[in-house]
1. Name the residues in the range B:127-164 that are aliphatic (A, V, I, L, M) and in a loop (DSSP other than H, G, I, E, B), would you?
2. Here are some conditions: (1) touching a helix residue (DSSP H, G or I) at 6+ places or on another chain (Cβ under 8 Å); (2) open to solvent by 10 Å² or more (accessible area, probe 1.4 Å); (3) over 25 Å from A:Ala100 (Cβ atoms); (4) β-branched (Val, Ile, Thr). A:Thr63 meets all but one. Which one does it not meet?
3. Contact list please: Cβ distance under 7 Å, first residue in the range B:102-118 and in a helix (DSSP H, G or I), second residue within 16 Å of ligand 2 (Cβ to nearest atom), pairs at least six apart or on different chains.
4. For residues that are over 11 Å from the mean Cα position of the chain (by Cα) and either under 16 Å from A:Ser93 (Cα atoms) or of a type outside the set (A, V, I, L, M) (or both), scanning just the range A:250-268, find the one that is surrounded by the most Cβ atoms within 10 Å (Cβ to Cβ).
5. Whether any residue in the range B:54-62 is open to solvent by less than 10 Å² (accessible area, probe 1.4 Å) and in contact (Cβ under 8 Å) with a residue 40 or more places away in the chain is what I want to check.
6. What's the number of the condition A:Asn205 fails, among (1) within 30 Å of A:Val9 (Cα to Cα); (2) open to solvent by 60 Å² or more (accessible area, probe 1.4 Å)?
7. So, A:Ser217, is that one open to solvent by less than 40 Å² (accessible area, probe 1.4 Å) and touching a His at 6+ places or on another chain (Cβ under 7 Å) or not?
8. Sort through A:Asp78, A:Asp50 and tell me the only one that's of a type outside the set (A, V, I, L, M, F, W, C), within 24 Å of the chain's Cα centre (by Cα), open to solvent by less than 30 Å² (accessible area, probe 1.4 Å) and facing chain B (nearest Cβ under 10 Å).
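The values are calculated or read from the model by the stated rules, or taken from the named source; none is laboratory data. Every value quoted in this text rests on a predicted model; they were computed, and no experiment measured them. All Cβ positions, glycine included, derive from the backbone under ideal geometry; neighbour counts span all protein chains shown. Protein only, heavy atoms only, side chains kept; ligands, DNA and RNA dropped before computing areas. Shrake-Rupley method; radii C 1.70, N 1.55, O 1.52, S 1.80 Å.
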Amino acid sequence: MNNFSYQKVSETADALDQISKCNLTQIIAGGTNIIDLWKYNLIQPKLLIDINGIEKFKRIQQTEDGGLFLGALATNSDTAYHMEVEKNYPLLSRAILAGASAQIRNSATNGGNILQRTRCYYFYDAASPCNKRKPGSGCPAKNGLNRMHAIVGTSEDCIAVFPSDMCVALAALEAVVHVVSSVGKREIKFSAFHRLPGNTPEIDNNLQPNEIITGISLPPEGFAENYSYLKLRDRNSYAFALVSVATGMKLENGLIQKIRIVLGGIAHKPWRVPEAEDFLIGKNPTAVNFASAAELILKDAKGFGDNDFKIELSKRAIVRNCIMAIHPETLRPGAQPSL
Amino acid sequence: MKAESTDRENNNDFNLTTSQVKLKINGNCLQLNVLPWVSLLDAIRDHCNLTGTKKGCDHGQCGACTVICDGNRILSCLTLAVMKNKSEITTIEGIADGDELHPLQKAFIKHDAFQCGYCTPGQICSAIAMLKEGKANTREEIKEQMSGNLCRCGANTNIIDAIIEIKNKGNYE
Ligand SMILES: Cc1cc2nc3c(=O)[nH]c(=O)nc-3n(C[C@H](O)[C@H](O)[C@H](O)COP(=O)(O)OP(=O)(O)OC[C@H]3O[C@@H](n4cnc5c(N)ncnc54)[C@H](O)[C@@H]3O)c2cc1C
Ligand code: FES
Ligand code: FES
C-alpha cells in the first residue's frame with residue numbers, strides 16, 4: 001500500500017482539472033472498489049479526488065422523454081429503492097439488490113458500479129502475472145483456476161469477467177452513460193461502454209482517462225410487466241455471479257413482442273446477442289423457444305476447464321429466467337430461482 | 001517486504017500532512033487529525049479508542065466493521081475517515097442506553113446468537129439499521145438483507161431469530 005494525498009471537490013471543473021494533470025490522480029466515489037484495490041497494492045494512486053461534494057451528481061430525476069436519469073453519485077441503495085425505479089424499472093432494482101451487501105450498496109455509487117474492476121483471482125493477486133494489471137505479463141487464468149471466468153468474448157490475453165449485476169440490467173434496458181470532460185459532454189450507449197479484452201485487456205471500457213461520469217439515463221421502456229433477474233452463485237447471497245441473466249419482455253396477445261436477454265458473469269462485458277432476441281419476436285414464450293434462443297446466445301461459447309460447466313448453466317439459466325419473467329410476482333429476494 | 005519499503009521511499013515527496021476530521025460518534029463530538037489513507041475503521045479503533053467495532057477482513061467481505069453513518073449501515077473498512085468529515089456515527093458502544101442493553105442486545109443473549117462474539121458488534125449495528133430501513137419483512141428477506149454479515153461460528157439461525165423477535169415486538173428505536 002502506498003501513501004496518497006486527498007482532496008474533496010464540489011465543482012465538476014475542479015475534478016476534471018485535477019484528473020487531467022496526472023494519471024496517478026484518481027476519483028473516489030463510494031470507495032468500495034478503489035480502496036480495496038489500493039489495499040491489495042493493485043493500484044498506486046498519488047492523489048484521490050473525492051467527488052462527493054458535487055451535489056448535482058446525486059440526483060435521480062425524470063427526463064423530458066419520459067425516461068429516468070440516475071446521477072453518478074446516487075448510491076446503489078438509493079437507486080434500487082427509488083420510487084420510479086421500483087415502479088418502472090423493477091429489473092434494475094432487482095439486479096442492484098442482488099449485488100454485494102446492504103452495507104456496500106449504501107456506499108457504492110452508480111458511477112463506481114459501472115467502473116468496478118474484475119474479480120479474477122490473478123488480477124487480485126499482486127504477485128501473479130496478469131495482462132490486465134501488468135500488460136504483457138501473461139494470463140495464468142487460461143490454464144489455471146478459471147471457475148469464475150469468461151466463456152464468451154475471450155481473447156488469448158484475457159479471460160476475465162466484468163462482475164457487475166447492475167450493469168446486466170442496464171444493458172437490458174439500453175441505458176446511456178453520460179460523461180463530461182474539459183472539452184465537453186458525450187453520451188455512450190451502454191452496449192458500447194464496456195469492451196472485450198482483445199489484446200488490450202488493461203482497458204475495461206471506453207471511458208477516457210480525462211472523463212467523468214455524470215450519470216446514466218434510462219429510456220422510457222422499463223419492461224415493468226414482464227421482467228426477471230436470476231443470479232446463480234456459490235452461495236445464496238453476497239457472492240459474485242457465476243452466471244446471471246436479466247430478461248425484460250413485452251407480451252402482446254400472448255406472443256413475444258419485444259425481448260431483451262443479457263447475461264452477466266460470463267464475459268468481459270454484459271453479454272447480449274440481438275439475433276437471439278430477434279428470433280423470439282412473434283413467438284410463444286415457451287421453454288422450447290427460449291432454449292433455441294439460448295443456443296444462439298451461447299453458440300460461440302468456449303470453456304477453459306474449471307468453467308466448462310458455465311456453458312450449460314448459462315443456457316438453463318436463460319430458459320429459467322425467461323419463464324420467471326412471465327411471472328414476476330414469484331421473484332424471490334437475492335435473485336434466486338423462483339420457478 | 002522489499003517492494004513495500006520501496007513504495008514508501010518513493011512516496012517521500014508527499015505532503016504527509018494530516019487532515020482535521022470532525023466526527024460525532026455515539027453523541028460525542030470528536031476532532032481527529034488523520035492521514036488521508038486512514039480508514040474510518042482504523043480511525044474509530046485507533047484514534048477514538050472505540051475497539052468494539054471489529055476488523056475481520058479489512059476488504060469488505062465480512063461485515064464485522066459495520067457502523068451506522070448518518071443513518072446508513074456502511075462498512076467502515078472501505079471508507080476513508082477524511083471522507084466522513086462532519087458525519088454522525090453510531091458504533092456498538094452507542095447502542096445501549098447507559099447500562100440498559102438495547103432490546104436487540106438482550107435478544108442476542110436470549111437466543112444465544114453468538115459464540116466467539118467477533119461478528120456480533122457488526123451484526124447488531126447492521127440489524128438495527130436494517131430494521132429502520134423497513135425493507136425486510138419475511139424471514140427470507142431478513143436473511144438476504146443480513147447476508148453482508150458473516151458469522152464464522154455459524155450462529156446465523158439464532159441471529160435471525162433474535163432479529164425477528166425484535167422486529168415483531170417493534171421496539172428497535
Ligand atoms: C465484498 C464485495 C462484494 C461485492 N459483490 C458485488 C456483487 O455481487 N455484484 C456487484 O455488482 N458488485 C459487487 N461488489 C462491487 C461493488 O458493487 C462496487 O465496489 C461498487 O459498485 C463501486 O462503487 P463505488 O462508488 O464504491 O466506487 P469507487 O470504489 O469509489 O470507484 C470505482 C472506480 O470508479 C471510478 N469512479 C467512480 N465514480 C466515478 C465517476 N463519476 N466518474 C469517473 N470515474 C468514477 C473510480 O476512480 C474508481 O476507479 C462487491 C464489492 C465488495 C467489496
Ligand atoms: S472488516 Fe470490513 S467487511 Fe470485513
Ligand atoms: S459469533 Fe463468532 S463469528 Fe459470529
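1. Kept after step one, since they are aliphatic (A, V, I, L, M), are these residues of the range B:127-164: B:127-131, B:136, B:142, B:146, B:150, B:155, B:159-160, B:162-164.
The answer is B:Ala136, B:Met146, B:Leu150, B:Ala155.
2. With (1) touching a helix residue (DSSP H, G or I) at 6+ places or on another chain (Cβ under 8 Å); (2) open to solvent by 10 Å² or more (accessible area, probe 1.4 Å); (3) over 25 Å from A:Ala100 (Cβ atoms); (4) β-branched (Val, Ile, Thr) applied to A:Thr63, the lone miss is (1).
3. Listed by first residue and then by second, the contacts come to B:Leu104/B:Ile124; B:Leu104/B:Ala127; B:Gln105/B:Ile124; B:Phe108/B:Thr120; B:Phe108/B:Ile124.
4. Filtering the range A:250-268 down to residues over 11 Å from the mean Cα position of the chain (by Cα) leaves A:250-261, A:266.
Still in the running and either under 16 Å from A:Ser93 (Cα atoms) or of a type outside the set (A, V, I, L, M) (or both): A:250, A:252-254, A:257-258, A:260.
Working: A:Lys250: 15, A:Glu252: 9, A:Asn253: 5, A:Gly254: 7, A:Gln257: 12, A:Lys258: 15, A:Arg260: 21.
Among those residues, the one meeting the criterion is A:Arg260.
5. Step one: list which residues in the range B:54-62 are open to solvent by less than 10 Å² (accessible area, probe 1.4 Å), which gives B:60.
Next, from what is left, pick out any that are in contact (Cβ under 8 Å) with a residue 40 or more places away in the chain: none.
No.
6. (2)
7. Numbers: open to solvent by less than 40 Å² (accessible area, probe 1.4 Å): yes; touching a His at 6+ places or on another chain (Cβ under 7 Å): yes.
Spelling it out, A:Ser217 is indeed open to solvent by less than 40 Å² (accessible area, probe 1.4 Å) and touching a His at 6+ places or on another chain (Cβ under 7 Å).
8. Values: A:Asp78 fails: open to solvent by less than 30 Å² (accessible area, probe 1.4 Å).
Only one candidate passes the filter, namely A:Asp50.
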